[in-house]
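Have a look at the structure below, then the notes.
The values are calculated or read from the model by the stated rules, or taken from the named source; none is laboratory data. In this text the structure is predicted, and so the values were computed from the model without any measurement. With ideal geometry, Cβ positions are generated from the backbone for all residues, glycine too; neighbour counts draw on all protein chains shown.
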């Protein structure tokens with residue numbers, strides 16, 4: 001007779017899951033024999049921490065559009081694993097969390113250590129996960145686990161996508177499924193059916209008229225527009241519409257294109273900020289207009305009542321959420337762009353005027369000539385790394401970023417030429433995300449070169465992902481901008497430095513301890529050669545780049 005664990009694994013396979021990420025413990029270990037029996041259909045990727053497993057699951061979900069699966073023991077899934085769950089929650093990545101209550105076969109009411117049932121003496125995993133997911137279910141019977149899994153997958157997949165969790169009472173994992181449960185189980189596909197919301201054509205027609213008449217229209221594209229990058233580029237090029245992006249949307253279209261003005265924000269591109277400020281029509285596509293995109297409500301940028309503002313979003317709650325709008329369109333950005341492409345194009349004279357205005361702002365703000373700064377002898381500046389990546393990255397490359405000063409310089413000065421090749425921690429934006437994200441991206445796109453740019457602070461948190469990369473044959477390259485400290489915080493403290501400086505760590509040697517390969521770079525001219533050699537070697541490679549501690553992220557801030 002089938003057990004709960006057998007049915008859980010079979011249901012995952014039935015829903016199309018082909019990979020789960022885990023560091024197993026207690027009740028989850030009792031599922032492993034069921035996974036072993038189905039190992040030809042469903043791969044279990046063992047990591048060294050729930051944090052790494054959660055990031056890899058989140059990135060797989062983000063890139064595939066199907067829930068990535070995190071599986072782990074209750075107390076640790078809800079704590080260290082919350083890192084990737086929170087990223088999925090804020091960034092809208094589909095993710096399925098499978099965990100348990102660690103109540104040792106019914107001892108949850110007795111204060112047994114690790115218990116997460118919510119009883120006296122324990123912790124409440126439902127409450128913990130409910131605050132950071134779209135959906136949580138607590139399965140106390142075998143059939144509850146199967147049905148809960150089906151519903152969690154559904155909730156994670158539906159717009160707006162995000163994480164959903166199934167919590168199993170530990171004792172049911174090994175229990176046999178009843179022959180005829182009162183709550184009968186059905187095939188998963190019947191629960192997963194839905195019809196996407198279609199945009200109102202009259203509203204899109206009105207937007208088309210607004211675009212035809214505007215003198216200086218601008219698009220703000222977010223992560224919700226990522227799947228429609230080609231259509232966005234065609235429409236913007238046809239009509240001379242400036243395209244700026246949110247942080248999550250950076251790299252949606254070729255950032256060297258004539259219509260692209262870069263990423264918005266305090267640490268974004270001055271060109272983008274000035275372009276939005278000069279616009280008479282602002283069209284927001286799949287972006288939240290969160291204050292960090294608009295320099296925390298810089299009154300010169302978004303001006304309701306003075307500018308016409310249109311917001312397109314798959315979730316009607318998001319339009320007019322942060323900023324009041326003149327027109328809200330509910331629907332998929334791709335569907336809206338397809339309808340807009342059928343509308344009457346702007347006149348040639350108007351298009352030329354718009355392109356000239358974009359070009360003028362680019363020239364005034366130095367968009368095509370990002371700044372370069374010198375570094376102390378025996379070290380490099382962040383701008384040296386960015387300039388090298390600008391030359392190195394091609395159509396077959398993917399780049400993941402991490403938190404900190406290194407990310408600020410990359411988002412400010414790097415012009416991504418190939419759409420969809422940049423991954424950023426845009427949910428909670430936590431340190432330690434970049435390297436596990438690169439490993440997840442490589443699993444999804446095994447034929448692309450995947451590079452992670454991270455800092456020494458961030459990489460030290462999840463360097464153990466190298467062990468997973470060795471074990472699973474995931475050949476990523478991690479470029480560590482090593483300035484021996486928390487550079488961003490250190491810059492902000494000025495002369496009052498405390499709790500920001502680390503002792504120097506040679507991450508190249510640490511990589512070798514994991515069985516990976518390592519290199520150390522201390523001159524700008526060596527970075528490009530090191531990147532090329534690292535990708536030639538195959539296998540995980542760490543390049544430790546010695547960055548001048550005096551290189552400040554403040555030089556990248558839009559004044």
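Being over 23 Å from residue 386 (Cβ atoms) and outside the structural domain of residue 81 (by TED's automatic domain parsing) narrows it down to one residue among 486, 479, 453, 466; which is it? First the steps, then the outcome.
Working: 486 fails: over 23 Å from residue 386 (Cβ atoms); 479 fails: over 23 Å from residue 386 (Cβ atoms); 453 fails: over 23 Å from residue 386 (Cβ atoms).
Being over 23 Å from residue 386 (Cβ atoms) and outside the structural domain of residue 81 (by TED's automatic domain parsing) holds for just one of 486, 479, 453, 466, which is 466.
Of 473, 501, which residue is surrounded by fewer than 24 Cβ atoms within 10 Å (Cβ to Cβ), in contact with a strand residue (DSSP E or B) (Cβ under 8 Å, 6 or more places away or on another chain) and more than 21 Å from residue 422 (Cβ to Cβ)?
Answer to the check: 501.
Here the stretch 293-310 is the region considered, the condition is being out of contact with any strand residue (DSSP E or B) (no Cβ under 8 Å at 6 or more places or on another chain) and within 21 Å of residue 367 (Cβ to Cβ), and the residue that is surrounded by the fewest Cβ atoms within 10 Å (Cβ to Cβ) is 300. Report yes if residue 377 is farther than 19 Å from residue 491 by Cα, in a loop (DSSP other than H, G, I, E, B), without any contact (Cβ under 8 Å) to a residue 40 or more places away in the chain and not assigned by TED's automatic domain parsing to the domain that holds residue 477, otherwise no. For residue 377, the condition - farther than 19 Å from residue 491 by Cα, in a loop (DSSP other than H, G, I, E, B), without any contact (Cβ under 8 Å) to a residue 40 or more places away in the chain and not assigned by TED's automatic domain parsing to the domain that holds residue 477 - is met.
Kindly state which helices (runs of 4 or more DSSP H) lie completely within the stretch 471-550 and contain at least 3 residues that are modelled with pLDDT of 95 or more.
On the way: elements: 487-493, 507-513, 527-537.
Where helices (runs of 4 or more DSSP H) fall fully within the stretch 471-550 and carry at least 3 residues being modelled with pLDDT of 95 or more, they are 507-513, 527-537.
Across the stretch 271-278, a minimum of one residue is classified as in contact (Cβ under 8 Å) with a residue 24 or more places away in the chain and farther than 30 Å from residue 394 by Cα.
Condition (residue is surrounded by fewer than 22 Cβ atoms within 10 Å (Cβ to Cβ), assigned to a loop (DSSP other than H, G, I, E, B) and at pLDDT 95 or above) applied to the stretch 228-243: is it met by at least one residue? There is no residue in the stretch 228-243 that is surrounded by fewer than 22 Cβ atoms within 10 Å (Cβ to Cβ), assigned to a loop (DSSP other than H, G, I, E, B) and at pLDDT 95 or above.
Just to be sure, is residue 382 out of contact with any strand residue (DSSP E or B) (no Cβ under 7 Å at 6 or more places or on another chain), touching a residue at least 60 places away in the same chain (Cβ under 8 Å) and at negative phi? Taking the combined requirement at face value, the residue does not satisfy it. Checking 337, 289, 355 one by one, the residue that is at pLDDT 95 or above, under 30 Å from the mean Cα position of the chain (by Cα) and under 22 Å from residue 264 (Cα atoms) is 337 and no other. Residues considered: 93, 102. Of these, the only one that is within 22 Å of the chain's Cα centre (by Cα) and assigned by TED's automatic domain parsing to the domain that holds residue 18 is 93.
Counting the residues of the stretch 430-445 that are crowded, with 20+ Cβ neighbours inside 10 Å and either assigned to a loop (DSSP other than H, G, I, E, B) or on the phi > 0 side of the Ramachandran plot (or both) gives 3.
When residue 143 is tested against (1) touching a strand residue (DSSP E or B) at 6+ places or on another chain (Cβ under 9 Å); (2) buried (at least 18 other Cβ atoms within 10 Å of the Cβ), exactly one condition is not met: (1).
Yes or no, residue by residue, for (1) without any contact (Cβ under 8 Å) to a residue 24 or more places away in the chain; (2) surrounded by 23 or more Cβ atoms within 10 Å (Cβ to Cβ); (3) closer than 21 Å to residue 67 by Cβ:
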site: 149; (1), (2), (3): no, yes, yes
site: 152; (1), (2), (3): no, yes, yes
site: 173; (1), (2), (3): no, yes, yes
site: 176; (1), (2), (3): no, no, no
site: 192; (1), (2), (3): no, no, yes
site: 196; (1), (2), (3): no, no, yes
site: 200; (1), (2), (3): no, no, no
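Looking only at residues in the stretch 395-414 that are within 16 Å of the chain's Cα centre (by Cα) and in a loop (DSSP other than H, G, I, E, B), the one that is surrounded by the most Cβ atoms within 10 Å (Cβ to Cβ) is 402. Only one entry in 332, 352 is in the same structural domain as residue 237 (by TED's automatic domain parsing) and surrounded by fewer than 19 Cβ atoms within 10 Å (Cβ to Cβ), namely 352. Considering the conditions (1) surrounded by fewer than 22 Cβ atoms within 10 Å (Cβ to Cβ); (2) outside any loop (DSSP other than H, G, I, E, B), residue 48 is excluded by exactly one of them, (2).
Only one of the numbered conditions (1) surrounded by 14 or more Cβ atoms within 10 Å (Cβ to Cβ); (2) more than 12 Å from residue 482 (Cβ to Cβ) is violated by residue 515, and that is (1).
Could you check the stretch 345-364 and list, in sequence order, the residues that are part of a loop (DSSP other than H, G, I, E, B) and touching a helix residue (DSSP H, G or I) at 6+ places or on another chain (Cβ under 6 Å)?
345, 346
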